[in-house]
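Okay, so here's the structure we're looking at.
What follows is calculated from the coordinates using simple rules that are stated; it is not laboratory data. All values reported here derive from a predicted model rather than from experimental measurement. Note that each Cβ is placed from the backbone with ideal geometry, even for glycine, and that neighbours are counted across all protein chains shown.
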Amino acid sequence: MNRILMCYPGGRHKALTLSYDDGRSADRRLVEMFNRNGLKGTFHLNAGLLGEGDRIAAEEVQALYAGHEVSAHTLTHPTIARCPNEQIVHEVMEDRRLLEKLVGYPVRGMSYPNGSHSRRIRDLLPGLGIEYARVVPSTGQFGLPEDWLQWQPTCHHNHNLTELAETFVGLHKKQYLYLMYVWGHSYEFDNDGNWERMEQFCAFAGGRDDVWYATNLEIVEYAGAYERLKFSASLDFVFNPTAASVWLDVNGQIVEVKGGEQKRLGQAEG
């Protein structure tokens, strides 16, 4: 029987994603840094607060975050675990509606404002079109989440970023699938006077052929496409019912299964 493992696009076994909240003016410098080093980020915005203080203005959102992902962070950033369901629905749906009007694509994820969430809230989110949500507690590890609505990052950028990046870059065992997820707020670099930390991280972690640089949603979508593959009982062929390619390691060989394709996999025995 064939031995099959999920891979990231191109047959890679490592992925890197970044996640930044609140849409403050320091995002401009951070986005430029990501673009220069080939990294991709997800930016969680409060549509009801755009343009207030030093927050990015609504008319700048589409151009600034082009090539990255704009995601929800609720309309006005309340501590939602203290809010009634009706308010939560309004905060999420209005944030989505206004952001989608700016960027022109469905907003399908979020980060919890103030890290506030509960089982009640998580149960609401799929019906509100939210497919993933990032929490605050970090793992210090490099795995995919068991629950996309309680997606724990690897680290905040102020917590062992350099050491974790060095570990991540050195990971080479291809029997595992690794994901490094960094989160924070761009204004913290101004407050802490440590922009050089992110400059060094982006230069070190970016531009590597064995790493897939992806937004939060791209990772969710890809994992979903893999889960929707239809394998034969003998594992000698597979059908991909989605529109996206999925890559597999089949007996040590990298195989691309294109969207809508049924593909024979190696030489199965028995």
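For the reader, a short list of remarks on this structure follows.
- Scope the range 87-120; condition within 25 Å of ALA66 (Cβ to Cβ), within 18 Å of the chain's Cα centre (by Cα) and crowded, with 20+ Cβ neighbours inside 10 Å; matching residues: ARG96, LEU99, VAL107, GLY109, MET110, SER111, PRO113
- Among residues of the range 30-62, those that are out of contact with any His (no Cβ under 7 Å at 6 or more places or on another chain), assigned to a strand (DSSP E or B) and of a type in the set (A, V, I, L, M, F, W, C), counted: 0
- Residues of the range 189-201 satisfying the condition of being touching a residue at least 60 places away in the same chain (Cβ under 8 Å) and within 22 Å of ASN114 (Cα to Cα): PHE189, ASP190
Residue-by-condition table, conditions (1) surrounded by 15 or more Cβ atoms within 10 Å (Cβ to Cβ); (2) over 26 Å from LEU45 (Cα atoms); (3) in contact with a helix residue (DSSP H, G or I) (Cβ under 7 Å, 6 or more places away or on another chain):
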position	(1), (2), (3)
LEU177	yes, yes, no
MET180	yes, no, yes
PHE189	yes, no, yes
VAL220	yes, no, yes
PRO241	no, yes, no
VAL250	yes, yes, no
LYS258	no, yes, no
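- Screening VAL70 with (1) in contact with a Leu (Cβ under 7 Å, 6 or more places away or on another chain); (2) more than 27 Å from LEU177 (Cα to Cα); (3) of a type in the set (Val, Ile, Thr) gives one miss only, at (2).
- Picking from residues in the range 222-239 that are assigned to a loop (DSSP other than H, G, I, E, B) and of a type in the set (A, V, I, L, M), the one that is surrounded by the fewest Cβ atoms within 10 Å (Cβ to Cβ) is ALA233.
- Filtering the range 141-169 to residues that are under 18 Å from SER186 (Cα atoms), assigned to a loop (DSSP other than H, G, I, E, B) and over 14 Å from the mean Cα position of the chain (by Cα) leaves HIS157, ASN158, HIS159, ASN160.
- Verdict on TYR181 being within 22 Å of THR154 (Cα to Cα) and in a strand (DSSP E or B): yes
- Scoring TYR8 on the criteria (1) more than 30 Å from VAL250 (Cβ to Cβ); (2) crowded, with 21+ Cβ neighbours inside 10 Å leaves a single failure, condition (1).
- Test: residue in the range 247-254 that is farther than 19 Å from LEU171 by Cβ, part of a strand (DSSP E or B), in contact (Cβ under 8 Å) with a residue 40 or more places away in the chain and among the hydrophobic types (A, V, I, L, M, F, W, C): yes
- Looking at SER138, SER71, just one residue is in contact with a strand residue (DSSP E or B) (Cβ under 9 Å, 6 or more places away or on another chain), under 19 Å from TRP151 (Cα atoms), polar (S, T, N, Q) and assigned to a strand (DSSP E or B), and that residue is SER71.
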